[in-house]
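What follows draws every value from the coordinates through simple rules; no lab data is involved. As the structure is a computational prediction, the values presented were derived from the model and not from experiment. Virtual Cβ from ideal backbone geometry, glycine too; neighbours counted across all protein chains shown.
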Amino acid sequence: MKNPPDAAAVVAHALSHARKLGAAAADAMLVESDGVEARVRDREIDFVSQARERTLGIRAFVGDAKGLRTALTSTSDLALAAVTRMAEETVALARATAADPAAGLPEGGFASDLPDLELFDPADRALEVEARIESARCAEAAARALDPRITNSEGSQVSSHFHRVVYGSSAGFLGEYESASHALFCEPIARENGAMQRDYWMTLHRRIGGLEDPAAVGRQAAARALRRLGARRVSTCEVPVIFDPLTARSLLSHLFACVSGYAVYRETSFLAGRIDEAIASEHVTVVDDGRRPGGLGSRPFDGEGQPTRRNLVVERGRLRGYLLDTYSGRKLGLASTGNASRGAASGPSVGPTNLSLEPGTQSLSEIVATTPRGLLVTELIGQGFNPVTGDYSRGAAGLWIEGGEITHPVEEVTIAGNFGEMLRALDKVGSDLLWLGSIASPSVRIAGMTVAGS
Amino acid sequence: MNDTLTAVPASFFCDRFGLDDGCLTATLGTALERRVDHADLFFEYTTEDSVALEEGMVKTGDRRLSQGVGVRVQAGERQGYAHSDEITVESLQVAANTARAISEGPGPGHAVAVHSALAPARNLYPVTRPPTDVPVDQKVALLGEIDAYARSLDPRVKQVMASVVAQHRLVLIAASDGTFAGDVRPLVRLNVQVIAANAAGSRRESAYQGMGGRFELERVLDPKAWRPLVAETVRLACLNLDAISCPAGTMDVVLGPGWPGILLHEAVGHGLEGDFNRKKTSTFADRIGQRVAAPGVTVVDDGTIPTRRGSLNFDDEGTPTQRTVLIEDGILRGYLQDRLNARLMGMAATGNGRRESYAHLPMPRMTNTFMLAGTDPPEDIVRSVQRGLYAVSFSGGQVDITSGKFVFSANEAYLIEDGQIGRPVKGATLIGNGPDALLRVSRVGNNLELDRGVGTCGKDGQSVPVGVGMPTIRLDALTVGGTEA
């Protein structure tokens with residue numbers, strides 16, 4: 001396949017074949033990606049990896065009085081004969097599934113304007129792999145130069161990925177957009193008295209020029225590893241717990257899992273059926289904005305061709321809306337919120353675009369200063385969150401606070417509570433909103449959680 | 001070539017993509033024009049399908065085809081990698097040129113002859129019919145029966161979600177040292193999730209159970225296999241309706257057999273992977289020969305157990321899998337190695353070089369990791385604890401291999417009071433320190449069990465199927481994270 005067929009032509013071919021075989025409706029998504037990743041440890045290259053991929057996904061709906069039957073297939077073999085075969089398989093597979101009254105394409109409301117969301121800078125296409133590797137070397141060197149106790153590292157990794165998404169459906173929508181993501185990630189190791197601690201820092205951007213200075217990333221990563229040296233457990237207690245922006249993001253991920261339309265209609269979320277109730281403290285306002293310029297979760301249209309938009313999820317503690325695609329919306333009698341998320345190889349589900357907690361006015365150090373005794377969490381491990389009940393219990397590491405001051409690093413403890421109660425006990429929101437992905441948060445403080453240790 | 005294991009994938013890739021020995025050796029030759037230590041090609045063709053049920057309906061069927069090739073070059077500690085979803089002679093040459101760019105100097109440019117690897121005289125997972133060839137109607141029928149059965153068991157069952165996932169993967173590996181190994185890898189998984197609510201509707205709980213392995217799909221279609229699994233899921237969801245909050249603090253913990261072996265995976269397994277030890281970023285670096293566990297504790301990684309989810313005939317670098325003793329009677333004996341780290345550390349590859357797909361570089365990874373049985377009857381172990389926690393099942397875990405701290409979350413646990421199993425508790429998280437967790441093992445049961453075949457291990461963004469296992473054990477003074485201070 002020296003001259004691969006044009007992406008839009010492949011999508012059109014898949015759709016027309018599915019229809020010809022009896023599909024009542026169909027959609028197809030073609031994702032083309034290419035990219036490079038490299039890792040450096042100290043001065044030495046660890047690996048360099050280059051990739052190119054194209055994947056086509058075909059979804060077909062077969063009609064029935066009781067509803068539509070659905071199936072999805074995907075392939076990386078884009079020869080037209082292979083696409084024809086896949087379309088046949090999709091329709092045959094759909095006939096084996098159950099008729100579902102809520103299944104099907106959106107009835108309308110497709111994106112008509114596709115604004116430039118600054119997702120891609122064509123100039124970055126002329127990528128100098130050597131220059132990217134040099135920035136990893138620079139981060140690595142800055143981390144090691146910061147302190148003699150930085151003796152080792154898991155390396156500094158750079159990546160640049162370019163994507164092109166083409167999506168079309170038998171409802172008449174055809175759209176495409178290009179995006180890029182560039183990253184630098186540094187993970188040094190500090191050593192003292194025979195004990196080792198690692199930590200990381202990173203920068204992510206849609207443009208290479210928007211990335212943070214590599215040396216600053218290296219120094220920040222090293223400082224984070226150094227401050228963990230000498231960490232110890234604390235006695236089991238109930239104290240205020242502060243999450244830094246990196247760890248506070250996970251709280252928003254949990255919130256997302258509970259406001260996703262699928263969890264709501266399945267009643268696997270403790271927030272199901274609670275629209276307009278006060279579910280959090282008045283400090284909590286959460287917005288999902290699909291069109292934030294340059295946002296790492298921004299896209300002009302969602303995985304079903306619906307326009308992305310700004311959705312208010314929580315307003316001053318009140319639950320204002322769920323995040324929905326067409327299917328979960330129909331199950332709840334609501335319209336899609338433009339949050340259909342899909343890759344070529346999977347059907348739509350609900351995903352966040354740029355989900356964030358609105359920042360407050362205090363800096364993290366001011367929040368620490370107003371905490372007589374507590375834990376500042378800088379790392380969380382484990383999966384101890386249950387969206388059905390809100391039960392929350394995770395492994396944590398961080399810094400201990402006494403009298404409004406950081407006294408020593410902490411490790412090997414767990415923090416536990418109920419997520420619903422944690423949201424209501426959220427009493428401080430920092431000004432330090434940090435975007436390192438599609439979910440972002442400033443620092444937050446929960447008035448009381450159980451810290452388990454020695 | 002007398003190796004029937006390799007013959008099938010070899011002829012598949014040759015026929016389908018027009019590749020032959022000449023083109024494989026030419027590609028490796030391109031890589032070897034530079035000064036390199038090793039070069040290899042990894043071809044993959046994977047079919048995966050899944051059928052999922054919820055609300056009593058099979059709402060969708062999926063089928064995914066994924067094909068591609070990865071070309072890798074190693075020079076010293078450096079690795080160059082290029083992969084493409086086009087498997088053609090031209091794309092192989094482009095990839096080889098890209099991958100070799102990590103090596104600066106010209107090499108001897110010697111010719112390569114690929115030949116069959118030291119073929120293990122067994123196929124660990126022969127199937128007469130690939131699981132992806134089972135007609136979708138049979139899978140749809142199975143899910144319908146599971147839904148009806150789960151709902152018939154207890155009126156508190158409100159929602160049933162179930163899915164069957166089948167995978168058929170063909171791989172072929174050709175390397176500059178002459179390795180030529182192919183494998184046909186079936187993988188099957190049945191997932192069941194149940195949501196239960198109490199009569200008042202004031203409390204809801206969910207439970208998940210699954211089973212799977214490298215075998216024919218017919219095995220999970222058998223009611224004797226899936227009925228106990230469904231009953232177990234319903235029992236767990238309903239049990240959790242009565243669970244109380246877990247206490248927090250330090251206590252003695254008894255872990256049940258089987259899936260709690262995830263403790264070994266997190267507490268020691270990752271820390272014994274060769275890459276972390278070569279780079280000395282693991283808390284276990286340079287500790288071979290030292291005591292890292294209590295006497296009586298022996299931990300192995302065994303990729304050769306027939307039909308297990310974590311088993312492989314060859315790893316993803318063409319090295320036959322083996323049984324590797326990691327800890328013997330409490331003493332650290334070995335690491336898990338891929339070829340790169342084995343070469344750089346002057347050790348032997350252990351058949352643990354694994355990758356998620358052709359789009360990923362191999363790394364040292366676990367296969368099936370478990371503790372051998374001891375002599376204590378499990379009831380005696382529970383009886384030996386005054387006040388503590390009995391944890392039977394876990395939902396997942398994670399480790400920081402540098403500090404050694406690990407955590408895992410129980411989804412079925414009970415209080416132990418005066419040697420008796422008491423009330424169920426929810427939300428228990430166990431946290432510990434890898435190098436000393438196994439020193440706290442004070443009793444080892446005589447009841448080794450392996451998990452049901454659902455483990456997936458994540459490392460550096462790559463997921464691979466793994467297995468774990470353990471007899472009942474007692475750990476003294478572990479930190480339990482709960483809400484009741």
Mean projection area, nm², convex hull over Cα of region B:30-78: 5.3 nm²
Unit charges on C-beta of K, R, D, E only; dipole of chain B, Debye: 620 debye
Kirkwood hydrodynamic radius over Cα pairs of region A:220-345, then Stokes diffusion coefficient at 25 °C and 0.890 mPa s, in µm²/s: 145 µm²/s
Distant-in-sequence amide H partners of B:N368 (H built 1.01 Å from N, under 5 Å): B:D302, B:G303, B:G467
Derived scalar couplings ³J(HN,Hα) [region B:255-272; Karplus, 6.51 cos²θ - 1.76 cosθ + 1.60; whole Hz; x for Gly, Pro]: 9, x, x, x, 4, x, x, 3, 4, 5, 4, 7, 6, 10, x, 4, x, 9
Helix-only [θ]222 nm of chain B, DSSP H runs n ≥ 4, -39500 (n - 2.57) each, per residue, nearest 500: -6000 deg cm²/dmol
Global geometry of region A:136-272, whether rounded, prolate or oblate, following the gyration tensor of its Cα atoms and the 1.5 cut on a/c: oblate
Candidate lysines for bridging to B:K426, where Cα separation is under 30 Å - those fewer than 8 sequence places away on the same chain excluded: A:K428, B:K158, B:K224, B:K405, B:K459
Percentage, to the nearest whole number, of Cα pairs in region B:341-458 over 22 Å apart: 51 percent
Spin-label pair B:Q420/A:E405, simplified geometry with 7 Å Cα→Cβ offset, distance in nm: 5.3 nm
Euclidean distance between Cα centres, region A:398-417 to region A:25-42, Å: 39 Å
Rounded to 5, percent antiparallel among DSSP beta bridges of chain A: 95 percent
Leading residue at positive end of dipole, the protein assembly as shown (Cβ point charges), from A:T378, B:L255, A:G175: B:L255
Environment charge of B:R204, counting only residues whose C-beta is closer than 11 Å and scoring Lys/Arg +1, Asp/Glu -1: +2
Under-5 Å amide H pairs with B:D329, H placed in peptide plane, nonlocal only: B:G296, B:V297, B:T298, B:V299
For chain B, the spread of Cα positions along each principal axis, largest first, Å: 72, 55, 35
Number of partner chain Cβ atoms within 10 Å, mean per residue of A:50-58: 6
Radius 15 Å from Cβ of B:D302, net charge of other residues (Lys, Arg +1; Asp, Glu -1): +3
Shielding score for B:404-413, defined as the mean number of other chain Cβ atoms within 10 Å: 5
Spatial extent of chain A: Rg and Dmax, with the Cα atoms as the point set, Å: 24.1, 73
From phi via Karplus (6.51, -1.76, 1.60), per-residue ³J(HN,Hα) for region B:381-391 in Hz, x at Gly/Pro: 5, 4, 4, 6, 9, 5, 9, x, 10, 10, 10
0 to 90° range, to nearest 10: angle between helix A:80-95 axis and chain A longest Cα axis: 90 degrees
Cα gyration tensor shape of the protein assembly as shown, rounded if a/c is under 1.5, else prolate or oblate by comparing a/b with b/c: rounded
Cα shape, region B:249-481, gyration tensor, a/c 1.5 rule: prolate
Protection proxy ranking of A:346-354, A:180-188, B:241-249 - average other beta-carbon atoms within 10 Å, highest first: A:180-188, A:346-354, B:241-249
Crossing angle, helix A:7-20 versus chain A [Cα axis fit, 0-90 degrees, rounded to tens]: 50 degrees
Within-14-Å neighbourhood charge of B:Q290 [Cβ basis; K, R +1; D, E -1]: -1
Column: log10 I(q)/I(0), Debye, Cα scatterers of region B:3-240, q = 0.07, 0.08, 0.18 Å⁻¹: -0.36, -0.45, -1.16
For region A:215-228, 3J(HN,Hα) per residue [Karplus equation, 6.51 cos²θ - 1.76 cosθ + 1.60, θ = phi - 60°, Hz, x = Gly/Pro]: 5, 5, 5, x, 5, 4, 4, 5, 4, 5, 5, 4, 6, 8
Rounded Å value of the spacing that divides the Cα centres of region A:189-261 and region A:83-115: 41 Å
Other-chain or far-sequence residues with amide H under 5 Å of A:H408's (modelled H): A:W400
Cα centroid of region B:12-85 to Cα centroid of region B:402-463, whole Å: 36 Å
Sorted peptide list for A:36-42, B:403-409, criterion being average Cβ within 10 angstrom, highest first: B:403-409, A:36-42
